[in-house]
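This report concerns only the one structure given below.
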Amino acid sequence: MTPGPPARYAGGPFAPMTPLNGFGLGLRPRHYRAILETRPRIDWFEVLSENYMVPGGRPLHLLDRIRERYPMVLHGVSLSVGGSDPLDRGYLRQLKALAARVQPAWISDHLCWTGVAGRNLHDLLPLPYTEEALRHVARRVRAVQDFLGRRILLENVSSYVAYRASAMTEWGFLAALCREADCDLLLDVNNIYVSAFNHGFDPIEYLDGIPPGRVRQIHLAGHDHCGDLIIDTHDAKVIEPVWRLYAEAVRRFGLVPTMIERDDRIPPLANLVRELDRAREIAAATLPRKAA
């Protein structure tokens with residue numbers, strides 16, 4: 001994977017990202033004990049930033065203990081980088097302090113907006129894909145990166161509505177944003193599958209439109225198929241069509257750090273490790289064909 005050009009902020013060039021390889025899981029409280037007692041075959045954990053933006057207590061204590069054993073990345077849901085409200089500097093200060101504590105390989109959030117007029121809607125809402133929105137988001141991404149002193153990753157969200165004003169595809173918008181803001185991508189393969197079904201586009205065309213050198217991480221997850229609509233729920237196993245789409249992503253982007261997200265109906269840790277092994281197997285089986 002070819003890295004993007006070195007980013008710069010007011011204090012100089014961004015520090016290079018910490019190398020991270022292999023296959024990870026989202027860190028969930030019900031798995032704390034199993035992680036510490038069994039040292040499962042997991043290469044790294046993704047931490048939900050907002051869960052640990054606290055001054056102390058048991059969550060931070062356990063986070064520190066697990067961090068002693070495993071690399072981590074931070075993943076947030078409240079940046080609202082596409083929103084119209086001013087960026088929340090208090091939130092960014094807390095995020096920066098947490099990053100100083102955890103020393104994550106990188107920090108990610110979502111390409112979306114989450115509220116308006118100071119109200120958090122607690123949802124990841126899609127953007128209109130227009131030149132105006134692109135300039136707006138790129139400006140805010142650059143401001144976030146300047147504040148944090150590091151390049152961030154943005155994740156494509158699943159969506160259920162589209163804007164008539166959109167003048168480009170989602171993947172075209174993502175590619176342009178990477179150029180304009182010098183950010184990287186967290187590519188959610190399940191979200192591509194969900195949105196492709198909901199909006200009727202070709203998920204392979206989506207993958208082909210993503211700049212390979214910008215994909216730093218991949219998400220896999222389950223969803224709920226409701227007949228004429230798919231809802232991204234993160235409460236079920238990864239289905240076969242998503243596994244096939246993941247193989248296509250591996251062919252295009254190589255062995256990008258990959259993880260499985262599970263946010264509800266969370267099974268025992270051993271079950272998720274077995275599912276994660278499926279990702280390892282697919283990547284191993286796919287890469288030789290890519291090299292050939």
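The values are calculated or read from the model by the stated rules, or taken from the named source; none is laboratory data. Not measured: the values here are computed from a predicted model. Here Cβ is always computed from backbone atoms with ideal geometry, including for glycine, and neighbour counts include all displayed protein chains.
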Would you pick out the residues in region 217-270 that are on the phi > 0 side of the Ramachandran plot and either touching a Pro at 6+ places or on another chain (Cβ under 6 Å) or in contact (Cβ under 8 Å) with a residue 12 or more places away in the chain (or both)? H234, G254, R265
Residue under question is I230, and the condition is that it be within 18 Å of the chain's Cα centre (by Cα) and under 16 Å from P126 (Cα atoms); does it hold? no
Yes or no: V47 modelled with pLDDT of 95 or more, hydrophobic (A, V, I, L, M, F, W, C), within 25 Å of V256 (Cα to Cα) and outside any loop (DSSP other than H, G, I, E, B)? yes
Given the conditions (1) surrounded by 15 or more Cβ atoms within 10 Å (Cβ to Cβ); (2) among the charged types (D, E, K, R); (3) without any contact (Cβ under 8 Å) to a residue 12 or more places away in the chain, which single one is not true for R28? (3)
Within region 22-35, can one find any residue that is among the charged types (D, E, K, R), at pLDDT 80 or above and assigned to a helix (DSSP H, G or I)? yes
Answer yes or no as to whether A7 is closer than 29 Å to A249 by Cα, at pLDDT below 95 and crowded, with 16+ Cβ neighbours inside 10 Å. yes
Does any residue of region 55-76 turn out to be under 30 Å from C178 (Cβ atoms) and surrounded by fewer than 16 Cβ atoms within 10 Å (Cβ to Cβ)? no
Pick out, from region 57-146, the strands (runs of 3 or more DSSP E) lying fully within it that include 1 or more residues that are over 30 Å from E37 (Cβ atoms) and touching a residue at least 40 places away in the same chain (Cβ under 8 Å). 107-110, 119-125
Output the residue which, of all residues in region 227-246 that are closer than 24 Å to L153 by Cα and in contact with a Lys or Arg (Cβ under 9 Å, 6 or more places away or on another chain), is surrounded by the most Cβ atoms within 10 Å (Cβ to Cβ). V238
Taking H122 and the conditions (1) within 20 Å of the chain's Cα centre (by Cα); (2) crowded, with 17+ Cβ neighbours inside 10 Å, which numbered condition does it fall short on, given that it satisfies the others? (2)
For region 162-173, which positions are of a type in the set (S, T, N, Q) and not in a loop (DSSP other than H, G, I, E, B)? none
If D43 satisfies all but one of (1) within 24 Å of L20 (Cα to Cα); (2) without any contact (Cβ under 8 Å) to a residue 40 or more places away in the chain; (3) not hydroxyl-bearing (S, T, Y), what's the number of the condition it fails? (2)
If you go through region 160-175 one residue at a time, do you hit one that is closer than 28 Å to R262 by Cβ, surrounded by 21 or more Cβ atoms within 10 Å (Cβ to Cβ), under 20 Å from the mean Cα position of the chain (by Cα) and hydroxyl-bearing (S, T, Y)? no
Do we find that A181 is closer than 23 Å to V81 by Cα, buried (at least 23 other Cβ atoms within 10 Å of the Cβ), without any contact (Cβ under 8 Å) to a residue 60 or more places away in the chain and small (G, A, S) in this structure? yes
Count - residues of region 54-65 that are at pLDDT below 95 and hydrophobic (A, V, I, L, M, F, W, C): 1
